[in-house]
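Below is one structure, written out as structure tokens, with a few remarks after it.
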């Protein structure tokens, strides 16, 4: 009798929690879609902010392009480092002490508040290295933020690779590098790409790291790595924070959410394809 | 002729010694069976012989002569190529059947498509797998049955033309029919290769091997022609093991 009650309570807890989450997420998205869809037009997507104050009219093209470029730089930089770190830890590191130290560092990095990472980017990249407030500084700062996110996922995927198959490969006298490039990485490719895309969505939505390092209220589409850049989340922050235009803010939020949503769907599609092939 | 001679070989995992002073001479083009109860060091012996022991966190000491030269003077990759190993659990690569078999040859520089096809076909035939899989060489090796996977692993070990083939209980996970298939294949292979097979199955050792080595607690208790070892064992412990008194 007691057991039945417990399991009923447990079920209730699950159902209620799920409903609360679904309803609130649905409400947020629905609200933004309803309010934003009115101001969305082709013109909004393909033109620059206009009007006085700036942004009250016109579109958000430079912010869309800026956000995508920031994402590319962040993902490129972070995955370059993360892939190497994960491969080192899983396949080359002989000492478990070093492995632990790397894990602790990665975990600490994941826990650093994004505004602190932004301040780090400002002092180190913008001021010390003299890169200025630019697309490059902001992209690299975002890269620092998503690095642990990518590294942990790639490492997990590499770790899951069959030990027996690895041993068999080494037993044929084949080198570690060949084993990695011909056997392990092709098998983990989807997981790796999925981790990077997911991180891209994360990077695109982040505001704190870019406020001080490169995002500006208005800039044309960046012409080089050293130009300042507009970004969707920062533009959104300005539109609402300065009370410029609530309508445009909803529309901007809608565009941002749609982009992140699309990126996540790509990532999920990649992971599930991997599972089908693997079975 | 002896292809491999072991002189007071000791193997360790960390501080734990697993093999004690093994003296063993492996005859060329013969099948040598290594028998003994679980945990007696049979698998460690095989891992030592193709230098996979280091990969598993162990090390070996002693004198080994391979093809007339000091075993430890060869680069370990060369040893692994010339002394192949097949593990107990079938471990095909998560690739197609074809790619499983071309994986190592491509690494060793075979690029010619025709040559690769030849290798695939001939090794599959040797392993008695060709008829069963020829219709679709490009399906995933993971879709094969356990017995087929193990025969594929043997074929894969042969693609690098080893001189010695080590097998670690290759049939322990297989049914009678697949076991018979593999035994047939090994008898045929012994014409061209030297085979060392670790087995739990005494009947199997009796059926296919020319020489038998009995290991107990990391020591070589008895080694000789299979017929003699099974009919007139010299050591009491061998007799007890064969009679099923322990193990």
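The values are calculated or read from the model by the stated rules, or taken from the named source; none is laboratory data. As the structure is a computational prediction, the values presented were derived from the model and not from experiment. Here the Cβ is made from the backbone with ideal geometry for all residues, glycine too, and neighbour counts use every protein chain on show.
What to note about this one:
- The single condition among (1) touching a residue at least 60 places away in the same chain (Cβ under 8 Å); (2) closer than 21 Å to residue A:39 by Cβ that residue A:201 does not meet is (2).
- If you check A:44, A:27, A:77 for being assigned to a helix (DSSP H, G or I) and at pLDDT below 95, only one passes: A:44.
- Some residue of the stretch A:142-161 being within 12 Å of chain B (Cβ to nearest Cβ) and under 30 Å from residue B:140 (Cβ atoms): yes
- Against the conditions (1) free of Cβ contacts under 8 Å to residues at least 12 places away in the same chain; (2) not in a helix (DSSP H, G or I), residue A:84 satisfies every one except (2).
- Residue list for the stretch B:38-57, restricted to those being away from chain A (no Cβ under 11 Å) and either modelled with pLDDT under 90 or on the phi > 0 side of the Ramachandran plot (or both): B:38, B:39, B:40, B:41
- Test: residue in the stretch B:149-159 that is within 13 Å of chain A (Cβ to nearest Cβ), more than 20 Å from residue B:172 (Cα to Cα) and touching a residue at least 60 places away in the same chain (Cβ under 8 Å): yes
- Residues that are at pLDDT 95 or above, assigned to a helix (DSSP H, G or I), assigned by TED's automatic domain parsing to the domain that holds residue A:219 and surrounded by fewer than 19 Cβ atoms within 10 Å (Cβ to Cβ) are absent from the stretch A:143-151 altogether.
- Screening B:64, B:79 for residues that are away from chain A (no Cβ under 14 Å) and under 20 Å from the mean Cα position of the chain (by Cα) leaves exactly one candidate, B:64.
- Positions within the stretch B:93-110 being more than 9 Å from chain A (Cβ to nearest Cβ), assigned to a loop (DSSP other than H, G, I, E, B) and surrounded by 22 or more Cβ atoms within 10 Å (Cβ to Cβ), in sequence order: none
- Of all residues in the stretch A:168-197, those being in a helix (DSSP H, G or I), within 14 Å of another protein chain (Cβ to nearest Cβ) and surrounded by fewer than 18 Cβ atoms within 10 Å (Cβ to Cβ) number 7.
- Only strands (runs of 3 or more DSSP E) whose full extent lies in the stretch B:1-92 are considered here, and the ones with at least 1 residues that are surrounded by fewer than 23 Cβ atoms within 10 Å (Cβ to Cβ) are B:2-13, B:16-27, B:58-66.
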